[in-house]
Every structure is written in C-alpha cells, then in structure tokens.
Amino acid sequence: ALSRMATVAVTAPDSSQKCENFRPSLVRQQVRFCKDNPAFMDSVKRGAIWAIDECQFQFRTDVGTAPHQ
C-alpha cells in the first residue's frame, strides 16, 4: 500500500536531523514535537499508516473523480 512506502526509524540517535527532514510535510509545532518526543514517533507513524490503510479500504470502490474512459 502507498502508506507503507516510506519507513523511517525516528528513534535513532540522529532523530533530530530526521525530524528536520520531515519539515516540508510538517508544521513547526510538529517538528518540535518530533524532536522533543522521539520515543512517540513510532506510534505516530503506525497510527498514520493505519489511518491511511483504513481510508483506502473505506474508499476502495469509490470511483470519485477518476477519469471516465
């Protein structure tokens, strides 16, 4: 699934730099939380993966705005 493409172990010793690498996707407060709470980031990542997987499952049959052929 798309949600499983990027895996990052944020609890590594250089976690501060890894948090900075997320800056394009996160607001300042989220980067600060990442730096201040590296032990929580695996749980945050798992929660995001579960949420994306559930969303994909719920909308698996929804054609939405897919182009018609």
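Projected label points at S16 and Q56, each 7 Å from Cα along the beta carbon direction, are separated by 3.5 nanometres. In this simple spin-label model, placing a label point 7 Å from the Cα along the Cα-to-Cβ direction at both S43 and Q29 gives a separation of 1.9 nm.
Each residue of the stretch 49-63 is assigned a 3J(HN,Hα), and the resulting list reads 4, 4, 5, 5, 4, 5, 4, 4, 5, 4, 9, 4, 9, 7, 7 Hz, derived from the Karplus form 6.51 cos²θ - 1.76 cosθ + 1.60 (θ = phi - 60°), x at Gly and Pro.
Read-outs: derived from the displayed coordinates by stated rules, not from any lab. None of these values were measured; they are calculated from a predicted model. FYI the Cβ positions are ideal-geometry reconstructions off the backbone, even for glycines, and counts take in every protein chain you see.
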